[in-house]
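S.K.: This is the structure I have questions about; it appears just below.
The values are calculated or read from the model by the stated rules, or taken from the named source; none is laboratory data. What you are looking at is a predicted structure, and each value in this text was computed from that prediction instead of being measured. Every residue, glycine among them, receives a Cβ derived from its backbone with ideal geometry; neighbour counts consider all protein chains shown. Quick note on the areas: whole protein, heavy atoms, side chains included, nothing else; ligands and nucleic acids left out. Shrake-Rupley method; radii C 1.70, N 1.55, O 1.52, S 1.80 Å.
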Amino acid sequence: MKPDQFFAFNRLARISALIFVFSLKLIFARENLPVIRGTVLDIRGKPLSNVQVQLNPGDLADVTDDNGAFVFDKIPWGTYTLKLSHIGYESRFIENLVIAKSTSIDLGEILLRSRVINFDAILVTATRTPKNILTLSNTVNMVSETVLRQRNAKTSAEALREESGIFVQKTNHGGGSAILRGLSSNQILILVDGIRLNNSTYRLGNHQYLTTIDNNSADRIEVVRGPGSVLYGSDALGGTINVITRSPAPTTEHPAFQYHLLGRYASADNERTIHGHIGLSKQRYAFHTGFSAKAFGDLRRGKNSRHAQLETSTNGLLQTPTGYTAYDYDAKFIFSCASAQSILLAYQLSKQKDVPRYDKYINDEYYLWRYQPQDRELMYARYQHTLESSYVKSIQATLSWQRQSEGRQMQSTVSSPLTCENDLVNTAGFNLQIESILPNQQLLFGTDVYLDNVRSERVNIDPTSSARQKDSRGRYPDDAAYTSIGIFLQDDVALSQKLHLIFGIRYSLFRAKFNLPPSNDESNLNLVEQNFQAATARIGGNFDINKYVTLKSTIARAFRAPNLSDLSKLGESKGDTYEVPNPDLQPEKLLSWEFGVAIRSTKVQFDAVWYHSRLTDLIANADARYNGSGSIRIADVDYKIKSKQNLGDAVITGFESAFDVYLSPSFTFRSNFTSTYGENTTLHEPIGGIPPAFGLVGLNWQHDTHQFECFVRFAASQKRLSADDEDDPRIPIGGTPGWWTLNSRLVWQLWQTCRLQLALENMLDVNYREHGSGINGPGRNLILSLAIQK
């Protein structure tokens, strides 16, 4: 090697060595730079993404990733305060973080508590598209998954008992029927994942249909109080309840697996519930499935009572028989065809076995009266496509099939024939909606079609010989059909930053087809075809006076077309009533106006609404004749003859309010109150089934991993009764007495994957009955549940 080459090589080697040493120093120095890191979770231990993390003083900021993680490096020496904030969660501050040379601080898991006052809730039901609750002119309730878990209710119906404007009646322990705006049963529309649960045999009397949706599978329950016929058609007179079940979502990065196990015990009815669900998500698809098994014993009523008319149980405090068992299963699979397209496949199954109708045993002294079977099965496929077109934003199409089976086993005495009725309704459905976005305007166009086929039979079994004799028809005409078709248009307009209006119109067609005998000759049947049509409209708006106060108002028209239960039912009803067909009914119609105010601040949430509804051609039970007689004797039991009839006009007026105050970071006061007045202006008597004034007052305390609540539920007496109410043995003579119960519950997040809940309902062991119910409320009731999740 030449000398000049040697010196050049030597110089290059020295420079390379210096660069290598300097690089090592940089590497090790970087490792020793001050660092602050942590992971943000909710109180259930789930990672929270998009949490704003700010380091003060200074301008250092970060946002948590999908795993809830954040990290700060290259931090100048000093003392800092870390602020974490997220919409829907309470902000949290971590003070006195001292950063010195080579300091690293790992804060580990940081829990954020959800806001008790939620300003950012998104609802779908009110407009069929996702909307912030603050922008709606409708009066709504949104029971989130967090609230559902905190309430830890027995059924989906009971999960709504603490909501403003919602009264829950129970004919039996397996039932649960919501009353909205003074209307109930088939005057309320129930949806599951946006698909109609109501079918053509839904009866006017209160029922159990809402309880066939497993509350353990619900992601949230949305309730729109007031008319909803423009978007959903018939039945949405008093309101719409949409139970939205849990859905999986494909992940953006790594595969994810989740599970949830729940055990629940309640002392008042010796309830044992087990629920579990699992979920698997990958980049283009996700799967979820869940199962619930429930066993309920006879319900114990309260001991302390001033009303002898409520002390009707014949087995001490136990209301025997009221126990039953139930099973639920659900599964969902979602596949992302492309970045803006997805296909969702879903299946739901609900079974309730041997559900006694308690009031029939106590009031009518039946030897046997129970619902068996009581099943619901739903399958649907939903296609969703989000477009970037200037005219069409999204297209959603849903194809569904639902099977609902309801059976009744009735035996008045041990020697009487056993009557077994079974009604099977198969419903095929199709929904299409197209959303279009224009400047300051959102248009929604859609159509829905539902086709019902009804199979119904009644069999009498001799208790001695077991001989079976099939009647010529069941409760409903066999092979009856019912079709509904609707088309709607909704225009959502922002006239200014403060004024927002929404318009909607709908046209609907209905066709009922069934056979009825012209006289006593059951072998000679006449084909009956009834066609109904209705046009409905709605206009609503909200005006922001300032950033805290909003005024809302809505005028809407709704309707309910007579269904097969109204037109063709033949069988016993409440009390000593036997209902007969009336194929000459006309739709009942409702015109409603409401005005409300909403106040929102960081400390207060207040909602109040006053409404006035006028009903025409109201459908209700009234005295009738069958085969020339006003009474009938069946299986040694005498019945009065009644039928559904258009009973003229009526008015319903009411006031609903909710008031929540954020007293401190730990304490929240909540309350609500509802009052309803109804009058049949044709018959000059009260409307049947109107609930009394009712409400709730409570105080909530929340810490990082603990939440405790104490609250009072109450209802005034209801003495304003219709003639039909006075014939109802479930309502005490003179009306239902008022009542109040003291309740408490504790939620304790033991660790990230485990949650313990304790509740003590009706702490003073009061004997009470919800107005119109066939069973008294539970006495002192200890509820214990344990959940394990990932």
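S.K.: Per residue, what accessible area does the chain have, given a 1.4 Å probe and all protein chains present, in Å²? Numbers along the way, then the final one.
M.R.: Working: 33690 Å² over 790 residues.
In whole numbers, the chain has 43 Å² accessible per residue.
S.K.: Restricting things to Cα coordinates, could you compute the convex hull volume per residue of region 312-454 in Å³?
M.R.: On the way: hull volume 24.1 nm³, N = 143.
It is 168 Å³ per residue.
S.K.: So what are the three principal axis dimensions of region 444-490 from its Cα atoms, in whole Å, longest to shortest?
M.R.: Principal-axis extents of region 444-490 (Cα, largest first): 62, 15, 10 Å.
S.K.: Let me ask something else. Convex hull volume of the Cα atoms in region 263-312, per residue, in Å³? Mind dumping the intermediate values first?
M.R.: Details: hull volume 5.8 nm³, N = 50.
Per residue, the Cα convex hull of region 263-312 comes to 116 Å³.
S.K.: Still on this structure, I have one more. What is the distance in Å between the Cα centroid of region 338-392 and that of region 435-458?
M.R.: Using only Cα atoms, the two centres lie 18 Å from each other.
S.K.: Can I ask one more? If you count, for each residue, the other Cβ atoms within 10 Å and average over each peptide, how do 568-578, 462-472, 534-544 line up from highest to lowest? Walk me through the numbers on the way to the answer.
M.R.: Working: 568-578: 20.8, 462-472: 10.7, 534-544: 18.5.
Result, highest mean first: 568-578, 534-544, 462-472.
S.K.: Hey, another quick one. Quick one: pull the percent of accessible area on the chain belonging to carbon and sulfur, 1.4 Å probe, ligands and nucleic acids left out. Write out the running numbers ahead of the final one.
M.R.: Details: 19700 of 33690 Å².
Accessible surface attributable to carbon and sulfur in the chain totals 58 percent.
S.K.: Let me ask something additional. Using a Förster radius of 30 Å, what is the FRET efficiency between F595 and E145 based on their Cβ-Cβ separation? Nearest 0.05, please.
M.R.: Details: r = 32 Å, r/R0 = 1.06.
So the FRET efficiency works out to roughly 0.40.
S.K.: Moving to a separate point now. Which angle between 0 and 90 degrees, to the nearest 10, do you get for helix 3-31 versus the longest principal axis of the chain when only C-alpha atoms count?
M.R.: With both axes taken from Cα atoms, the answer is about 40 degrees.
S.K.: So what's the back-of-envelope 222 nm ellipticity for the chain, counting only DSSP H runs of four-plus at -39500 (n - 2.57) apiece and dividing by all residues, rounded to 500? Write out the running numbers ahead of the final one.
M.R.: Numbers: 6 runs with 55 residues, N = 790.
So the helix-based figure for the chain works out to -2000 deg cm²/dmol.
S.K.: Taking every eigenvalue of the Cα gyration tensor of region 149-203, multiplying by 5 and rooting it, what semi-axes result, largest first, whole Å?
M.R.: Working: eigenvalues 71, 36, 30 Å².
The three semi-axes for region 149-203 are 19, 13, 12 Å.
S.K.: Now for a different question. Which of K303/K351; K170/K360; K46/K294; K513/K644; K498/K589 have a Cα-Cα distance over 23 Å? Working shown, then result.
M.R.: Working: K303/K351 32 Å; K170/K360 13 Å; K46/K294 27 Å; K513/K644 18 Å; K498/K589 33 Å.
Beyond 23 Å between Cα atoms: K303/K351; K46/K294; K498/K589.
S.K.: With the calculation restricted to Cα positions, what are the radius of gyration and Dmax of region 435-569 in angstrom?
M.R.: Here Rg and the maximum Cα pair distance are 24.1, 77 Å.
S.K.: Let me ask you something else. Give the calculated FRET efficiency between V459 and I733 to the nearest 0.05, with a Förster radius of 41 Å applied to their Cβ-Cβ distance. Please report the intermediate quantities before stating the final value.
M.R.: On the way: r = 36 Å, r/R0 = 0.88.
With a Förster radius of 41 Å, E is 0.70.
S.K.: Taking 22 Å as R0, compute the FRET efficiency from the Cβ-Cβ separation of V651 and L551 and round it to 0.05.
M.R.: Numbers: r = 24 Å, r/R0 = 1.09.
Taking R0 as 22 Å, the efficiency between V651 and L551 is 0.40.
S.K.: Follow-up. How large is the Rg to Rh ratio of region 496-651 when both quantities use alpha carbon positions and Rh follows Kirkwood? Show your work: numbers first, answer last.
M.R.: Values: Rg = 22.7 Å, Rh = 19.2 Å.
Using Cα coordinates only, the ratio equals 1.18.
S.K.: Looking at region 163-273 from every direction and averaging, what is the projected area of its Cα convex hull in nm²?
M.R.: Details: hull surface 37.6 nm².
If you wrap the Cα atoms of region 163-273 in a convex hull and average its projections, you get 9.4 nm².
S.K.: Here is a further query. Could you please tell me the mean projected area of the C-alpha convex hull for region 660-790, averaged over all directions and given in square nanometres to one decimal? Write out the running numbers ahead of the final one.
M.R.: Values: hull surface 41.7 nm².
Averaging across all directions leaves 10.4 nm² for the Cα convex hull.
S.K.: Return the tail of the calculated pair distribution for the chain, meaning the percent of Cα-Cα pairs more than 49 Å apart. Numbers along the way, then the final one.
M.R.: Values: 70462 of 311655 pairs.
Tail of P(r) above 49 Å: 23 percent of Cα pairs.
S.K.: Distance in nm between label sites at A295 and L489, each 7 Å beyond Cα in the beta-carbon direction?
M.R.: Output for this residue pair reads 5.8 nm.
S.K.: Using the alpha carbons of region 204-261, what is the convex hull volume per residue in cubic angstrom, as a whole number?
M.R.: Details: hull volume 6.9 nm³, N = 58.
Enclosed volume per residue, from the Cα hull, is 120 Å³.
S.K.: Note the full-extension length gain between L746 and A61 as 0.36 nm times their separation in residues minus their Cα-Cα distance, in nm to one decimal.
M.R.: On the way: separation 685, 0.36 × 685 = 246.60 nm, distance 3.59 nm.
Answer, rounded to one decimal: 243.0 nm.
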